[in-house]
Amino acid sequence: MEESVKILTDESEAKISSCATISDLNDIRVRVLGKNGELTALLKSMKDLPPEKRPQAGKIVNAAREKLEQAIAARQAELEQIELDKRLRDEKIDISIDMRQPASGGLHPLTIMRNRITEFFSSLGFVIADSPEIETDYYNFEALNIPADHPAREMQDTFFITENILLRSQTSAGQVRMMEKVKPPIKMLSPGRVFRADEADATHSPVFHQVEGLVVDKGITMCDLKGILDLFAQKFFGKNTKTRFRPSYFPFTEPSVEVDASCSQCGGKGCRVCKGTGWIEILGAGMVNRNVLQNCGINPDEYTGFAFGVGLDRITNIIFGINSLRTVFENDVRFLKQFN
Ligand code: PHE
């Protein structure tokens, strides 16, 4: 009896310590300690022993039972730990792995340039003003000294909605709205879309952008205009940029000028960008015509002013080295991405 218990114990212990899963361990428990298990069978066979030997045998079997129960509990704890370690390893999430970044948008090159220009003029004390894209003939032409039969109307092929209402062909309409509302001193900058019935090509588009500037006060002269535009040109084309005024004609300014900046690409020697001239045309400007001041209720003997109109699309193309207006308006993502 003692011998069989020892053999069973040793065998079982070996199986317990080598078993690899909790379910195998359970099988062993049932096979050895269960109701019909091997040790239980030995316990039952005690009834065949002579009565005086039974207590001793009972002790041996119970000791074996306790020993095996402990071995099973210990192995169970080991196996649970192993299983937990394995699960932690398998289910680990690598938070260091690179994710696909969400696509993020950026500003359109025209918006970038518009912002830079409005920031620059704000810093000089200009007020940024909006004015309507749908205008009346009066604000777009009449008040700007361009009466109905004026040949200058032909310079701007206008989209008329009715005989009197049109899509503004120039942001200059905003000058009139400002001067009607605000008494001098006035320092206004007004960026916006303008419309002309042009066929779209590399240098034309039926929709484009202007930035209008207007300063009206006592004693404003062309020197003030020159000073501001020099600062502007130096800010956007580089410190050593010079400007030159060429005589021109606009009905709402007198005198009128076309303003060139020295070419920042070649420094004035002549290159592809400036088409060999050393100069790049950047805007139209002039001293506000007396008639315009008068139309807006401002006394031209008391006040003078200057105005300028920048072609935003042109400036944007020059600054970013874009060679066609089309590219700017097509909004191909591959093009726009470069400005992110
Ligand atoms: N409005 C003019 C144009 O569209 C530009 C300009 C503005 C000229 C202000 C002089 C003064 O061509």
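The values are calculated or read from the model by the stated rules, or taken from the named source; none is laboratory data. On a predicted model such as this, the values are computed, not experimentally measured, just so you know. Cβ coordinates were reconstructed from backbone atoms using ideal geometry, including for glycine residues, and neighbour counts include every protein chain displayed.
Here are the numbers for this structure:
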{"item": "Residue in the range 213-227 that is nearest to the ligand (Cβ to nearest atom), counting only those that are small (Gly, Ala, Ser) and either assigned to a helix (DSSP H, G or I) or crowded, with 17+ Cβ neighbours inside 10 Å (or both)", "result": "GLY213"}
{"item": "Pairs with Cβ under 6 Å, 6+ apart, first in the range 172-185 and farther than 16 Å from GLU302 by Cα and touching a residue at least 24 places away in the same chain (Cβ under 8 Å), second small (Gly, Ala, Ser) and assigned to a helix (DSSP H, G or I)", "result": "VAL176/ALA143"}
{"item": "Pairs with Cβ under 9 Å, 6+ apart, first in the range 83-96 and assigned by TED's automatic domain parsing to the domain that holds CYS19, second part of a helix (DSSP H, G or I) and surrounded by 10 or more Cβ atoms within 10 Å (Cβ to Cβ)", "result": "GLU83/ILE22"}
{"item": "Unique match (being on the phi < 0 side of the Ramachandran plot, in a loop (DSSP other than H, G, I, E, B) and either touching a strand residue (DSSP E or B) at 6+ places or on another chain (Cβ under 6 Å) or not charged (D, E, K, R) (or both)) among MET99, MET188", "result": "MET99"}
{"item": "Scan of the range 286-302 for residues that are out of contact with any Ser or Thr (no Cβ under 7 Å at 6 or more places or on another chain) and either closer than 27 Å to ILE117 by Cβ or modelled with pLDDT under 95 (or both), ordered by number", "result": "VAL292, LEU293, CYS296, ILE298"}
{"item": "Subset tally (residues that are in contact with a strand residue (DSSP E or B) (Cβ under 9 Å, 6 or more places away or on another chain), in contact (Cβ under 8 Å) with a residue 60 or more places away in the chain and outside any loop (DSSP other than H, G, I, E, B)) for the range 143-171", "result": "2"}
{"item": "Pair list, Cβ under 6 Å, 6 or more apart: the range 288-300 residue over 18 Å from MET222 (Cα atoms), other residue small (Gly, Ala, Ser) and surrounded by 14 or more Cβ atoms within 10 Å (Cβ to Cβ)", "result": "ASN295/ALA143"}
{"item": "Unmet requirement for ALA233, which otherwise passes all of (1) of a type in the set (Gly, Ala, Ser); (2) more than 32 Å from the chain's Cα centre (by Cα); (3) away from the ligand (no atom under 12 Å from the Cβ)", "result": "(2)"}
{"item": "Per-region count, the range 21-52, residues more than 60 Å from the chain's Cα centre (by Cα), assigned to a helix (DSSP H, G or I) and either touching a residue at least 40 places away in the same chain (Cβ under 8 Å) or not assigned by TED's automatic domain parsing to the domain that holds ALA77 (or both)", "result": "6"}
{"item": "The range 200-212, residues that are crowded, with 22+ Cβ neighbours inside 10 Å and either over 26 Å from the mean Cα position of the chain (by Cα) or on the phi > 0 side of the Ramachandran plot (or both)", "result": "GLU212"}
{"item": "Unique residue being within 13 Å of the ligand (Cβ to nearest atom) and either in contact with a helix residue (DSSP H, G or I) (Cβ under 6 Å, 6 or more places away or on another chain) or modelled with pLDDT under 95 (or both) when the list is SER190, SER205, SER256, SER248", "result": "SER190"}
{"item": "Candidates ALA197, ALA173 - the one that is modelled with pLDDT under 95 and either crowded, with 18+ Cβ neighbours inside 10 Å or among the aliphatic types (A, V, I, L, M) (or both)", "result": "ALA197"}
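Yes/no matrix, rows are residues, columns are (1) more than 16 Å from the ligand (Cβ to nearest atom); (2) at pLDDT below 95; (3) exposed (fewer than 11 other Cβ atoms within 10 Å of the Cβ):
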residue	(1), (2), (3)
ASP85	yes, yes, yes
ASP94	yes, yes, yes
ILE97	yes, yes, yes
ARG114	yes, no, no
PHE121	no, no, no
LEU144	no, no, no
PRO151	no, yes, yes
GLN156	no, yes, no
GLU163	yes, yes, yes
